[in-house]
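Peer 1: Mind having a look at this structure? Questions to follow.
The values are calculated or read from the model by the stated rules, or taken from the named source; none is laboratory data. Keep in mind it's a predicted model, so treat the numbers as computed, not measured. Every residue, glycine as well, gets a Cβ built from its backbone with ideal geometry; the counts of neighbours run over all protein chains shown.
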Amino acid sequence: MIAAVSGVQKEVLVREIPDLVIVEIPGYNIKYDKNRALTILRLIFSIPKILIRVKRENAWMRRWARLERPDLIISDNRYGLYAPGVFSVFMTHQLQIRTPWGVLLTVGCSG
């Protein structure tokens, strides 16, 4: 098993699963503010940076998948971690992803 991680996630996995092979990749580095309005502004202005990061991480994943030939990719909120021909799972910890535009653009699970 191989994990592609960065930052705190890397520290936790190295400590908890010492035999795990780690590949370090850059994070999205999203900044949040205590003020909701400032957080929304920061997120809006971060969109180009996030999209560039997603595109770069997908290019990296495609190259890596061609070399390593994984059976499965599980992505924990990493939008670019998928590759053609490899079964990929996108995992999120949010039951309902809220947007600043209200109910019309709120994504979630019903049950």
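Peer 1: Does the range 54-73 contain at least one residue that is at pLDDT below 90 and assigned to a loop (DSSP other than H, G, I, E, B)? Talk me through it step by step, then tell me what you get.
Peer 2: Within the range 54-73, the subset at pLDDT below 90 is none.
No: zero hits.
Peer 1: Considering Arg78, Arg42, Arg53, which residue is of a type outside the set (Ser, Thr, Tyr) and in contact with a Lys or Arg (Cβ under 7 Å, 6 or more places away or on another chain)? Talk me through it step by step, then tell me what you get.
Peer 2: Details: Arg78 fails: in contact with a Lys or Arg (Cβ under 7 Å, 6 or more places away or on another chain); Arg53 fails: in contact with a Lys or Arg (Cβ under 7 Å, 6 or more places away or on another chain).
One residue alone meets the criteria, Arg42.
Peer 1: Every residue in the range 14-51 that is closer than 14 Å to Tyr79 by Cβ and among the polar types (S, T, N, Q), please.
Peer 2: Correct list: Ser46 only.
Peer 1: Given (1) in contact with a Pro (Cβ under 9 Å, 6 or more places away or on another chain); (2) surrounded by 15 or more Cβ atoms within 10 Å (Cβ to Cβ); (3) within 17 Å of Val5 (Cα to Cα), where does Arg56 come up short, assuming only one miss?
Peer 2: Here Arg56 meets the rest and fails (2).
Peer 1: Given Leu41, Leu81, which one is at pLDDT below 95, in a helix (DSSP H, G or I) and within 22 Å of Gly27 (Cα to Cα)?
Peer 2: One residue alone meets the criteria, Leu41.
Peer 1: Go through (1) loosely packed, with under 12 Cβ neighbours inside 10 Å; (2) assigned to a helix (DSSP H, G or I); (3) of a type outside the set (Lys, Arg); (4) at pLDDT 85 or above for Pro26 and report which single condition fails.
Peer 2: For Pro26, the exception is condition (2).
Peer 1: Moving on to the next point. Given the conditions (1) under 23 Å from Tyr82 (Cα atoms); (2) surrounded by 14 or more Cβ atoms within 10 Å (Cβ to Cβ); (3) over 13 Å from the mean Cα position of the chain (by Cα), and given that Ala4 satisfies all but one, which numbered condition is not satisfied?
Peer 2: (3)
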